[in-house]
1. Taking Glu50 as meeting all but one of (1) assigned to a helix (DSSP H, G or I); (2) within 19 Å of Gln171 (Cβ to Cβ); (3) among the acidic types (Asp, Glu), write down the number of the exception.
2. Is it fair to say Ile66 is in a loop (DSSP other than H, G, I, E, B) and either within 12 Å of ligand 1 (Cβ to nearest atom) or touching a residue at least 40 places away in the same chain (Cβ under 8 Å) (or both)?
3. Between Asp124, Asp103, which is more than 25 Å from Gly246 (Cα to Cα) and crowded, with 17+ Cβ neighbours inside 10 Å?
4. When Gly111 is evaluated against the numbered criteria (1) within 16 Å of ligand 2 (Cβ to nearest atom); (2) at negative phi; (3) surrounded by 14 or more Cβ atoms within 10 Å (Cβ to Cβ); (4) not aromatic (Phe, Trp, Tyr), which criterion, by number, is the only one it fails?
5. Is there any pair with a first residue in the stretch 188-206 that is within 16 Å of Gly265 (Cα to Cα) and in contact (Cβ under 8 Å) with a residue 12 or more places away in the chain and a second that is in a helix (DSSP H, G or I) and within 13 Å of ligand 2 (Cβ to nearest atom) whose Cβ atoms are under 7 Å apart and which are 6 or more apart or on different chains, and what are they?
6. Condition first: more than 20 Å from the chain's Cα centre (by Cα) and not hydrophobic (A, V, I, L, M, F, W, C). Can you find one or more residues in the stretch 79-87 that meet it?
7. Would you check if there is a residue in the stretch 153-167 being of a type outside the set (Gly, Ala, Ser) and in contact with an Asp or Glu (Cβ under 7 Å, 6 or more places away or on another chain)?
8. With Ala208, Ala253, Ala238 as the choices, which residue is more than 14 Å from ligand 2 (Cβ to nearest atom) and on the phi > 0 side of the Ramachandran plot?
Amino acid sequence: RKRIAHQHALSPAKTLDNHQVEVAANLGNVKDAADVVAQGAEAVGLLRTELVFMAHSQIPDIATQIADYEQVFDALDGRPLVVRTLDIGGDKPLPYLPMPSEDNPFLGVRGVRLTLQYPNLLKDQLTALVRAAKGRDVRIMFPMIGRFEEWQAAKAILDDVLANEPHENVQVGMMIEVPSAAVMAHAFAADVDFFSVGTNDLTQYVLAIDRGHPVLSKDADGLHPSVLNLIHQTVQAAHAHGKWVGVCGELAADEKAVPILLGLGVDELSMSAASIALTKAQIRELDFTECQALAERALRCRTAKEVRALAG
Ligand code: PEP
Ligand code: MG
C-alpha cells in the first residue's frame, strides 16, 4: 500500500480534464536533493542558495560551490533545477558578509540589490552554476528585482559569464516578489525566459505587512485579491510572450490556493517536499475549466476571506 502511494507521488499531476502542472520542490540544503526527488518532485523550483551559503563558515569559493551544485544536479538526474542567486538581507543575514544596519531592512539592501553591490560575488556564483550544470537543465533567477535597471544589470553579469563559459540550456528568469515587477510584468516578459512568483514577499509588499510581524502577519494572506490580480497580470504577460510562470512561495502548497493558481494559468508549483504528494493528489481531483471559473470569481472578490470562502 505504501509502495502504491509512493509510486503515485512520483507520477505527474494532471487534472481530470488532463491539464498538467509541474510540481517541484523548494530546497535549501544540497544534501536533501535526492530526498525531494524520492518524494515526487519533478524539478527543484527554488534552490535557496543563501541557505547553501549559510552551511559554510566563509564565502564558498567557486570550486566549493561547484561541488554543492553538482550534488543537486546529480540527484535531479536531468530534471530541471531552478536556482535563485543569493538572497541575503532583510531577515536573512549572512554572518561572514557584514552589512550596515538599516532602519527598514525589508526595504533595504537585500536580494539582487546586495549582489549588485558585490558583482564579483554574483559573478563567481553564476560561474559555479554554469560549470556545475555541464549542459544540464539549469534555470537561473534573480531575487527581489523591482526595477528594469536591476534586471539589466544582473543579466549583464550573467551574459558576461556565459560569454566565457561553455554552456547549453541556460534559462534566465526572475522572481516576481516586488509589486513593481508584477505591475511591469509586460515589460519584463519580453526579456526573461520565465517568472517565479514569490508570494511570501509579494504579499508582504503589496499589503505593506511585515511577513514576520507578531500581530499583523496573520493578515498577510497570499489569497488577498490584490495578490491574485498581480499573479494574474504576471501570467497573462508571460504567456503572451510564450514564457512560463511558477509560484514558489507558501501559497503554492495552500490547498485553497492550488485550484485558483491553476485557474490563473500558473505552469509550475514549487513547495516544500513534504507537501508534494498531497498537492499532486489534490490536483488529480480538480477540473481545470472549473478552476478557471473559480479564479475569475476570486479576482473579483474584495477580501482574502471572501476568496477563502469561495474556495470551499
Ligand atoms: C517568497 O518571497 O515567496 C520566496 C519564495 O522567497 P523567500 O521566502 O525565500 O523570501
Ligand atoms: Mg522572497
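The numbers here are math on the coordinates, done by the rules we state, and not lab data. Keep in mind the model is a prediction, meaning the values are calculated, not measured. Cβ: placed from backbone, ideal geometry, glycine included. Neighbour counts: every protein chain shown.
1. Tallying (1) assigned to a helix (DSSP H, G or I); (2) within 19 Å of Gln171 (Cβ to Cβ); (3) among the acidic types (Asp, Glu), Glu50 fails exactly one: (2).
2. no
3. On the way: Asp103 fails: crowded, with 17+ Cβ neighbours inside 10 Å.
Sole residue among the options that is more than 25 Å from Gly246 (Cα to Cα) and crowded, with 17+ Cβ neighbours inside 10 Å: Asp124.
4. Gly111 satisfies all of (1) within 16 Å of ligand 2 (Cβ to nearest atom); (2) at negative phi; (3) surrounded by 14 or more Cβ atoms within 10 Å (Cβ to Cβ); (4) not aromatic (Phe, Trp, Tyr) except (2).
5. Matching pairs, first to second residue: Thr199/Glu250; Thr199/Leu251.
6. Filtering the stretch 79-87 down to residues more than 20 Å from the chain's Cα centre (by Cα) leaves none.
So far as the stretch 79-87 goes, no, none of its residues is more than 20 Å from the chain's Cα centre (by Cα) and not hydrophobic (A, V, I, L, M, F, W, C).
7. Looking through the stretch 153-167, none of the residues is of a type outside the set (Gly, Ala, Ser) and in contact with an Asp or Glu (Cβ under 7 Å, 6 or more places away or on another chain).
8. Ala208
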